[in-house]
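Q: First, the structure itself, so that you have it in front of you.
The values are calculated or read from the model by the stated rules, or taken from the named source; none is laboratory data. Just so it is clear, the model here is predicted, and its values are computed rather than measured. Cβ placement follows ideal geometry from the backbone for every residue including glycine, while neighbour counts extend to all protein chains displayed. What goes into the accessible areas is simple: the full protein's heavy atoms, side chains included, and nothing from ligands, DNA or RNA. Shrake-Rupley method; radii C 1.70, N 1.55, O 1.52, S 1.80 Å.
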Amino acid sequence: MDTTIEIFGAIFGFLSVYFTIKQNIWCWFFGLLQVVLYCFVFFTSKLYSDMILHIIYIFLQVYGWYSWKYGGSNKSTLRITLLTNTAFWIGLTVLSTALLGYVMQTNTDASFPYEDAFITIASLVAQYLMIKKILGSWLFWIIVDVVAISIYFYKDLYFTSALYTLFLIMAIMGYLEWKKAYNEEFVYERQA
């Protein structure tokens, strides 16, 4: 595998999450660059669920940009909201992980089929919630990052493992920053 691709993917991934924390629309541009590069990284590492995830991410980056730019009410920008139906999202993640993990285990030579499936499914849930600017998306990202760090390290993807360690720290910061922004908006609305 070409480490240069992994390094650039990690740099773009860092920038994507940084701009996401800041609620800056540039997060989607850098995210697009990251996911394209990581399609190659995960294919060569036999983490096929992650590769499929990053192919899907290509389309989600475009949708995320559109949603943040035009997804608010009355054509305004999208605002942070709270997660509803938590049990549904957790149940969907668990059941979909089991299904994808089974498919990968029985039909491919995938490394860590269930763990890789979890990273994929939980990331899709987190990404969808992020696109909708739902605060709880950061909690899904925190769990994904913890699992991903160990899998990527074991697969000798050291830059990617380091990136996901940064993602973990940034996800905690993102959760706290978005929560603060949500609370400030809520207080402002109550006073208006």
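Q: Using only the Cα atoms of the range 111-152, build the gyration tensor, take square roots of its eigenvalues as a ≥ b ≥ c, and label the shape rounded, prolate or oblate: rounded if a/c is under 1.5, else prolate if a/b is larger than b/c, else oblate.
A: Numbers: a/c = 3.71, a/b = 2.00, b/c = 1.86.
Here the range 111-152 falls in the prolate category.
Q: Follow-up. Per residue, what volume in Å³ does the Cα convex hull of the chain take up?
A: Numbers: hull volume 19.5 nm³, N = 192.
Cα-based convex hull of the chain, divided per residue, equals 102 Å³.
Q: Which percent of the Cα-Cα distances in the range 8-90 go past 15 Å?
A: On the way: 2164 of 3403 pairs.
Tail of P(r) above 15 Å: 64 percent of Cα pairs.
Q: Using amide H atoms built 1.01 Å from N in the peptide plane, name the residues 5+ places from ILE134, or on other chains, whose amide H lies under 5 Å from its own.
A: HN-HN under 5 Å from ILE134: THR81.
Q: Next question. Using a probe of 1.4 angstrom, how much of the accessible area of the range 1-97 is carbon and sulfur, in percent? Intermediate results must be reported in sequence, preceding the final value.
A: Details: 3820 of 5310 Å².
Its accessible area is 72 percent carbon and sulfur atoms.
Q: Which of rounded, prolate, oblate describes the range 91-192, given a ≥ b ≥ c as roots of the alpha-carbon gyration tensor eigenvalues and a/c under 1.5 marking rounded, otherwise prolate only if a/b is larger than b/c? Let's see the in-between values first.
A: Numbers: a/c = 4.55, a/b = 1.86, b/c = 2.44.
Oblate is the answer for the range 91-192, as a/c is 1.5 or above yet b/c matches or exceeds a/b.
Q: By the scheme Lys and Arg +1, Asp and Glu -1, what is the net charge of all other residues having a beta-carbon under 14 Å from that of GLY13?
A: On the way: positive: none; negative: GLU6, ASP50, ASP145.
Result for the neighbourhood of GLY13: -3.
Q: Now for a different question. Return the FRET efficiency for the residue pair TYR114, GLU184: r is the Cβ-Cβ distance, R0 is 41 Å, and the value is rounded to the nearest 0.05.
A: Working: r = 40 Å, r/R0 = 0.98.
Rounded to the nearest 0.05, the efficiency is 0.50.
Q: In addition: Only helical DSSP H runs with n ≥ 4 go in: add -39500 (n - 2.57) per run for the chain, normalise by residue count and round the 222 nm mean residue ellipticity to 500 deg cm²/dmol.
A: -28000 deg cm²/dmol
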